[in-house]
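For reference, the structure discussed in these notes is given below.
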Amino acid sequence: MEFLLLPAVTADLPTTSVTVSSWKFPQGVELADPVFFQSKSVDLVFGVQHFFSFFQTDNKIPLGRGLPMLIDSVFGWLVTGAVEHQDSSPHIVCNTASTVNLDELLTRFWSCEEIGSPNTFSPEEQRCEEQFVRTIQKSSDGRYTVGLPKNDQVLLTMGESRGIALQRLSGLERRLVRDPDLRSQYNEFMEEYIQLGHMRRVHAGPEKRCYLPHHSVIKQASTTTKVRVVFDASCKSSTGISLNDTLLAGPVIQDELRALIMRCRTKQIMIVADIEKMFRQIGIDEEDIPLQSILWRKNPSEEVKTYELTTVTYGTKPAPFLATRALKQLATDEQERFPNGAKAIMEDVYMDDVITGTDKASAASKLCEELINLTRSGGFRLRKFASNSTTALRVIEEEDLVLPHSNEIQLDPDPAVKTLGLV
């Protein structure tokens, strides 16, 4: 059986000690609790689904008028029933503790029991969801492609953006010239973007383009990439309209962070992981790619080139929704093959952080395998695995762990990792 551990189960039982000196027990009866008459704290509470399995016979022995009876159980004979007082009326005691008035208690009850509406999206959020469903496609390698949720009328009012993007590039280059180390890491980041196919060179044509300025963000605490490039989709065009002004944000479709953290803390074994480059594993529809154009060159002496960002781009308004929605779509599509993994993806992911768990090491190991295979089927990769159970992580490749398998050389006697701001 699985138990919840609590500081106290209920009030002491019986509520007051009972005098049993006048009771006559049959010879040879072995009581399950020889001191049942003393008021003591309750050690265990069993659910009713187990209760009746404790009685293998129907043996019952009355102790007399106004007294309980003995019932045979797998633990021994149990004393059960009411004790009649001198006034010949049974006393039934109910222990309660109230900290709120009845009206508030009833309000809470109905709030908990109320069935929420399956769709509480605003009209704009509903429109965003409909565009997602209409444009999402799955390629032969399992990866998803989505369209940018747009307000076409506002898009028509967006003006020229290449001039400001070129101006911002010049400012960026002046900074990079002063910091050779930053320049090297910036170039490395952009080169990786090109090599992975997340950015491609194009020759600007007559089609309408939106150019996004870009700059660096330095995160020293990162265990992987210290310098990241952020694309500014909020930069205004010549008409004062930015790309983000033309895009729909989409609804929030993940649980609150507090709910995820509280839920994972109810598990004996916690598993955390990170989805590598989550946004960039989702492609953008060819029709919308020109809206994600940038200007770039590795060296100020080179010609300024035009590139297109071919994946969901961090910095665009709908990026969090598109990435999260695509991940949930993957869980829906693969739930028959990976039921436990799909449930974890649907409930226990906050942006690109997975924070889930189970109560048994064997189940935790299987959950890790399902999560890896499920996400891989959609072109995603899980990494930075950590758990309070080494058994759960035996199926994980060494390179995908935060801490190595081997504990033979351990500089830190109590290793820890951070996820979602928690140690």
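A short reminder: the numbers here are calculations on the coordinates, not readings from a lab. In this text the structure is predicted, and so the values were computed from the model without any measurement. Note that we place each Cβ from the backbone using ideal geometry, even for glycine, and neighbour counts take in every protein chain shown.
Values for this structure:
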read-out: Alpha-carbon centroid distance for the pair the range 141-219 / the range 1-65, whole angstrom; value: 73 Å
read-out: Relative pair counts by distance (%), Cα atoms of the range 228-295, 5 Å bins; value: 3, 10, 13, 19, 16, 12, 10, 8, 6, 2, 1, 0
read-out: Rg(Cα)/(2.2 N^0.38 Å) for the range 17-56, N = residue count; value: 1.50
read-out: Contact order normalised by residue count of the chain, Cα under 8 Å, 6+ apart, percent; value: 14 percent
read-out: Extension reserve of the residue 179-residue 219 stretch, reckoned as 0.36 nm per residue once the Cα distance is removed; value: 12.8 nm
read-out: Proximal aspartates and glutamates to residue 236, defined as alpha-carbon separation beneath 15 angstrom and excluding residues fewer than eight positions away on the same chain; value: 160, 245
read-out: Stokes-Einstein D in µm²/s, Kirkwood radius over Cα pairs - the range 119-182 at 25 °C with 0.890 mPa s viscosity; value: 154 µm²/s
read-out: Unit charges on C-beta of K, R, D, E only; dipole of the range 158-300, Debye; value: 520 debye
read-out: Cross-link table 226/360; 328/384; 298/384; 138/219; 219/267, entries beyond 28 Å C-alpha to C-alpha; value: 226/360; 298/384; 138/219; 219/267
read-out: Size descriptor, Kirkwood hydrodynamic radius, that averages inverse alpha-carbon separations across the chain, Å; value: 27.3 Å
read-out: At R0 = 56 Å, FRET efficiency that the Cβ-Cβ distance of residue 236 and residue 41 yields, to 0.05; value: 0.25
read-out: Antiparallel bridge percentage (DSSP; both residues within the chain; nearest 5); value: 85 percent
read-out: By average C-beta atoms within 10 angstrom, highest first, the peptides 353-363, 28-38; value: 353-363, 28-38
read-out: Set of lysines with alpha-carbon distance to residue 150 below 16 Å, sequence-local pairs under 8 removed; value: 208, 317
read-out: Inverse of mean 1/r across different Cα pairs in the range 247-335, Kirkwood, Å; value: 16.1 Å
read-out: Reachable lysines, given that their alpha-carbon falls under 19 Å from the alpha-carbon of residue 24 and they are not under 8 places away in the same chain; value: 60
read-out: Per-residue ³J(HN,Hα) for the range 317-331, Karplus 6.51 cos²θ - 1.76 cosθ + 1.60, θ = phi - 60°, Hz, x for Gly and Pro; value: 4, x, 4, x, 5, 4, 5, 5, 5, 5, 5, 5, 5, 4, 4
read-out: Hull shadow area, averaged, the range 302-391 [alpha-carbon convex hull, nm²]; value: 8.2 nm²
read-out: Ellipticity estimate at 222 nm from DSSP helix runs (n ≥ 4, -39,500 (n - 2.57)) divided over the chain, nearest 500; value: -8500 deg cm²/dmol
read-out: Burial ranking of peptide ranges 272-281, 387-396, 2-11 (average Cβ count within 10 Å, highest at the top); value: 272-281, 387-396, 2-11
